[in-house]
1. Which ones in the stretch 303-318 are crowded, with 21+ Cβ neighbours inside 10 Å and either assigned to a strand (DSSP E or B) or of a type in the set (Ser, Thr, Tyr) (or both)?
2. Hey, VAL103 hits all of (1) in a strand (DSSP E or B); (2) surrounded by fewer than 18 Cβ atoms within 10 Å (Cβ to Cβ) but one; which does it fall short on?
3. Does GLN42 satisfy being surrounded by fewer than 17 Cβ atoms within 10 Å (Cβ to Cβ), part of a loop (DSSP other than H, G, I, E, B) and out of contact with any Gly (no Cβ under 8 Å at 6 or more places or on another chain)?
4. When you check GLY187 against the structure, is it surrounded by 17 or more Cβ atoms within 10 Å (Cβ to Cβ), assigned to a loop (DSSP other than H, G, I, E, B), in contact with a strand residue (DSSP E or B) (Cβ under 8 Å, 6 or more places away or on another chain) and at positive phi, yes or no?
5. Pick from the stretch 245-262 the residues that are hydrophobic (A, V, I, L, M, F, W, C) and not in a strand (DSSP E or B): which of them is surrounded by the fewest Cβ atoms within 10 Å (Cβ to Cβ)?
6. Report, by residue number, each residue of the stretch 271-298 that is in a loop (DSSP other than H, G, I, E, B) and of a type outside the set (A, V, I, L, M, F, W, C).
7. Would you say SER343 is without any contact (Cβ under 8 Å) to a residue 40 or more places away in the chain and farther than 24 Å from GLY104 by Cα?
8. Sort out which residues of the stretch 141-162 are of a type outside the set (Gly, Ala, Ser), closer than 18 Å to PRO115 by Cβ and surrounded by fewer than 22 Cβ atoms within 10 Å (Cβ to Cβ), and write them in order of number.
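The values are calculated or read from the model by the stated rules, or taken from the named source; none is laboratory data. As the structure is a prediction and not an experimental result, all values here were calculated from the model. For neighbour counting, all protein chains shown are included, and Cβ atoms are generated from backbone atoms with ideal geometry for every residue, glycine included.
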Amino acid sequence: MRYRLLAVVGLSLLAAGCSTLDALNPFSGSSGPKMAELQPIQAVADARALWTADVGKAGDYTFVPAVVGSSVYVAARDGTVLRLDDGRQVWRIQAGQPLSGGVGADERMAVVGTPKGELFAFAAADGHLLWKARASSEIVAPPAVTSGLVIVRGGDHRLSAYESSEGRRKWVYQRPSTPLSLRVMAGPVVIDKYVFAGFPGGKLIAVSLENGAPLWEGTVALPKGATELDRVADVTSVPVIDGRMICAAAFQGRISCFDLGNGSLIWSRDISSAAGIGVDSRYVYVTDDKGAVHALDKASGASLWKQDKLFLRRLTAPLPIRGFVVVADVQGVVHFLSRDDGSFVARVSTDGSAVRAPLQRLGVDLVAQTANGRVFAIESQ
């Protein structure tokens, strides 16, 4: 019998009668496989928390920190939005509404969203409200703020662009829906004239930043199986870009890399991932649905190493930084792996609650936000 790991933090089924994937996960019961216990490691690198701050709990949502220079913007379920510079609070404001998605930011503004589809833009300088707008449905993914536009992915998988000056909607892109899809907390990615986003049915889409017109469509994974549940193959994590290549991973599917300009397939591997991928100058890294971290050759997709000692620990996407590959887990532990062979080189504990949001780069350091609302800046050397 083929088991599919369906307990993925931050995902839920958008179908009547199915509220979360945990309810459908064959591993989630007491009789299923257990999460790996952490074993002692011989640390060969130094990693430690530089500073920590409290923003508030995430609840059932995933809030992704936004980093702009040395500033970190974070948000919480209760409506709190916070700017930190080198760990020092610059401002803290209340949106006045419970939040569900964020943060997107640039030098001018920080943007968050609500379960009712409300979009709030706050001034980066002092946190005052610049404008608010309404999307087509709940906002659970961080908006992309760039080039005079704010790009928002709604819970109905529509992409909407708003003018960053006043919040007026400029364009909307929508694909046909699938019978069953997942709540996706991965925001769009913008580079040059393109907006990239993953969609249900295993699709990676490029649309025009100017007007939302579709430019190309790539198939990350093809839905397969006898039931609609088996056929869920959504792209649930943020695509990553390196030079002229863009890579994406699909739940119950594959990891695939495409030409950035025309969408032609470069290579593909059968690895299911909801957490996502990372890339550096040599390798593509992916966290699979059973908690293994893989390093793949960037040019061909060939396997180079695999770290499988974090079984079912609900890892984040890998973050390559300073010669390490870093993931965090459901118990708030941040693991540093060797880039060369995947061995453990350091470990940092946070507050014991899950790190669900992807780790973010802060210069040569990184930022982690926990479900209990603690924000940690962590350095390594």
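1. GLN307, THR316
2. It fails just one condition, (2).
3. Working: surrounded by fewer than 17 Cβ atoms within 10 Å (Cβ to Cβ): yes; part of a loop (DSSP other than H, G, I, E, B): yes; out of contact with any Gly (no Cβ under 8 Å at 6 or more places or on another chain): yes.
Yes: the conditions hold for GLN42.
4. On the way: surrounded by 17 or more Cβ atoms within 10 Å (Cβ to Cβ): yes; assigned to a loop (DSSP other than H, G, I, E, B): yes; in contact with a strand residue (DSSP E or B) (Cβ under 8 Å, 6 or more places away or on another chain): yes; at positive phi: no.
No.
5. Narrowing the stretch 245-262 to residues hydrophobic (A, V, I, L, M, F, W, C): 245-251, 255, 257-258, 260.
Now drop any that are not not in a strand (DSSP E or B), which leaves 250-251, 260.
Values: ALA250: 29, PHE251: 27, LEU260: 20.
Applying the filter and picking the extreme gives LEU260.
6. Hits for the stretch 271-298 are SER272, SER273, ASP280, SER281, ARG282, ASP288, ASP289, LYS290, GLY291, LYS298.
7. Numbers: without any contact (Cβ under 8 Å) to a residue 40 or more places away in the chain: yes; farther than 24 Å from GLY104 by Cα: yes.
It is true that SER343 is without any contact (Cβ under 8 Å) to a residue 40 or more places away in the chain and farther than 24 Å from GLY104 by Cα.
8. ASP156, ARG158 - these are the residues of the stretch 141-162 that are of a type outside the set (Gly, Ala, Ser), closer than 18 Å to PRO115 by Cβ and surrounded by fewer than 22 Cβ atoms within 10 Å (Cβ to Cβ).
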